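Asks: There's a structure below that I have some questions on.
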Amino acid sequence: MADAGNGVPHGPALRIDKFLWFTRLAKSRSVAQKMAEDGHIRVNGRRIERAHAPVRSGDLITFPHPAGVRVVRVVQLPGRRGPAPEAQSCYEELKLGH
């Protein structure tokens, strides 16, 4: 009952580790889980420390990547880990200003 009326958006959601794996932003689900549990991921600016944190359409996800920090906006939730073009249609890459 503590969550009632706290402004948390409702609607379809997917675990952050599954989203990163399904969209091929993480090499494996275990890599995505470790990134989340180590606190390396932010969703809408809030640090995530659990792999089961929910992600919804419209959310901004910030995470480290070998090429630097990546920021993506969730466009739609994937239903599976499909081919790369299908995976890429689920998010929009945002460029960081320098």
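The values are calculated or read from the model by the stated rules, or taken from the named source; none is laboratory data. Predicted model only: the values in this text are computed from it and were never measured. Counting neighbours? That spans all protein chains shown, and the Cβs are built from the backbone with ideal geometry, glycine included.
Asks: Please work out if Lys34 is within 10 Å of the chain's Cα centre (by Cα) and modelled with pLDDT of 95 or more.
Replies: no
Asks: Right, another one. Return the total of residues in the stretch 41-98 being closer than 19 Å to Val31 by Cα and either in contact with a helix residue (DSSP H, G or I) (Cβ under 7 Å, 6 or more places away or on another chain) or hydrophobic (A, V, I, L, M, F, W, C) (or both).
Replies: 19
Asks: Six or more apart or on different chains, Cβ atoms under 8 Å: show the pairs whose first residue is in the stretch 75-98 and farther than 17 Å from Ile16 by Cα and whose second is of a type in the set (D, E, K, R) and modelled with pLDDT of 95 or more.
Replies: That search, which allows pairs on different chains as well, returns Ala84/Arg24; Leu94/Arg73.
Asks: Now for a separate question. State all residues of the stretch 58-70 that are in contact (Cβ under 8 Å) with a residue 24 or more places away in the chain, over 14 Å from Ile16 (Cα atoms) and of a type in the set (A, V, I, L, M); if no residue qualifies, say none.
Replies: Once the filter is applied, which keeps residues that are in contact (Cβ under 8 Å) with a residue 24 or more places away in the chain, over 14 Å from Ile16 (Cα atoms) and of a type in the set (A, V, I, L, M), the stretch 58-70 yields only Val69.
Asks: Further, regarding this structure: Step by step: first the residues of the stretch 1-24, then only those that are exposed (fewer than 14 other Cβ atoms within 10 Å of the Cβ) and either under 14 Å from Arg56 (Cβ atoms) or touching a Gly at 6+ places or on another chain (Cβ under 7 Å) (or both), then the one that is modelled with the lowest pLDDT. Which residue is that?
Replies: Gly7
Asks: I would also like to ask the following. Say we look at the stretch 25-57 and pick out the residues that are in contact (Cβ under 8 Å) with a residue 40 or more places away in the chain and assigned to a loop (DSSP other than H, G, I, E, B); which of these is surrounded by the most Cβ atoms within 10 Å (Cβ to Cβ)? Break it down into steps so the answer makes sense when it comes.
Replies: The first filter runs over the stretch 25-57 and keeps only residues in contact (Cβ under 8 Å) with a residue 40 or more places away in the chain, leaving 25, 54-57.
Now drop any that are not assigned to a loop (DSSP other than H, G, I, E, B), which leaves 25, 56-57.
Values: Leu25: 21, Arg56: 17, Ser57: 15.
Ranking the candidates gives Leu25 first.
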